[in-house]
Amino acid sequence: MNMADRVDVTSVQTLSEDWAILRKTEFRFRRRDGTWQQMARETYDRGDGAAILLFDPDRQLVLLTRQFRYAAYVNGHDGLMIEAAAGLLDGADPATRIRAEVEEETGYRIHEILPVFQAFMSPGSVTERLHFFIGIYSEHDRIGEGGGLVEEGEDIERVELPLDAALAMIGSGEICDAKTIMLLQFAAIRFRYAGMR
């Protein structure tokens, strides 16, 4: 049975339309046994995004960022999150957008990027699909200061670490951002255990 035959939307209400759009949708869902169940869900739509782990294979380093995240702060974290560079697509294709985001955040111009996978980070309530990349960089690719855009409230610090140290920081809780954990683990498999470049 096609999913279009299993979902019957009965109403959509916009609850908020500020930085992103929060909607409440009521719908009927046809269960596997053929019966219909009435449901309601809120979805947060801020558009799709892209994330990239910058990796220097010669020095076995990764280049991450540190920035304040209010949502983490109000949930008991100090708010300073160590993350892979990332951003919303804003209508651009993922590869183009992530290259620009890397320059804004880190000051590095990346020439070689490898698309690795796509994932929904919180599909129970957030519509965003992230496009994940690995970017190969060297110390010679730095063209500016980075730091993000002041007009967007960004105050971003570069964090360059050995890949092994970054992986250890997952276990210690110092790196607790999901997209970054996924990319670091992918890099460990691809560049360490599979012996690939």
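The values are calculated or read from the model by the stated rules, or taken from the named source; none is laboratory data. Fair warning: this is a prediction, and the values are worked out from it, not measured in the lab. Cβ coordinates were reconstructed from backbone atoms using ideal geometry, including for glycine residues, and neighbour counts include every protein chain displayed.
See the values below:
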item	result
Set LEU149, LEU89: member being assigned by TED's automatic domain parsing to the domain that holds PHE55 and in contact with a strand residue (DSSP E or B) (Cβ under 9 Å, 6 or more places away or on another chain)	LEU89
Criterion: in contact (Cβ under 8 Å) with a residue 24 or more places away in the chain, assigned by TED's automatic domain parsing to the domain that holds ASP93, within 30 Å of MET39 (Cβ to Cβ) and of a type in the set (Gly, Ala, Ser) - qualifying residue of ALA188, ALA166, ALA178	ALA178
Of the criteria (1) acidic (Asp, Glu); (2) under 22 Å from ASP58 (Cβ atoms); (3) not in a helix (DSSP H, G or I), which one GLU103 fails	(3)
Extreme residue, farthest from the chain's Cα centre (by Cα), among residues of the stretch 102-136 that are among the small types (Gly, Ala, Ser) and closer than 23 Å to GLU160 by Cβ	GLY107
Top-ranked residue of the stretch 137-151 - restricted to ones that are buried (at least 17 other Cβ atoms within 10 Å of the Cβ) and touching an Asp or Glu at 6+ places or on another chain (Cβ under 8 Å), ranked as nearest to ILE113 (Cα to Cα)	TYR137
Residue list for the stretch 83-102, restricted to those being in contact (Cβ under 8 Å) with a residue 40 or more places away in the chain, among the charged types (D, E, K, R) and closer than 15 Å to ILE134 by Cα	GLU83, ARG97, GLU101
Any strands (runs of 3 or more DSSP E) falling wholly within the stretch 1-78 and containing at least 1 residues that are surrounded by 14 or more Cβ atoms within 10 Å (Cβ to Cβ) and either in contact with a strand residue (DSSP E or B) (Cβ under 6 Å, 6 or more places away or on another chain) or assigned by TED's automatic domain parsing to the domain that holds THR180 (or both)	21-30, 36-45, 49-56, 61-68
Residue within the stretch 119-137 that is modelled with pLDDT under 95 and farther than 26 Å from TYR70 by Cβ present	no
Count of the stretch 145-179 residues which are out of contact with any Phe, Trp or Tyr (no Cβ under 8 Å at 6 or more places or on another chain), at pLDDT below 95 and in a loop (DSSP other than H, G, I, E, B)	7
Unique residue being more than 17 Å from ILE181 (Cβ to Cβ), free of Cβ contacts under 8 Å to residues at least 60 places away in the same chain and among the charged types (D, E, K, R) when the list is ASP48, ASP56, ASP141, ASP155	ASP141
Flag if LEU15 is over 25 Å from LYS179 (Cβ atoms) and of a type outside the set (Gly, Ala, Ser)	yes
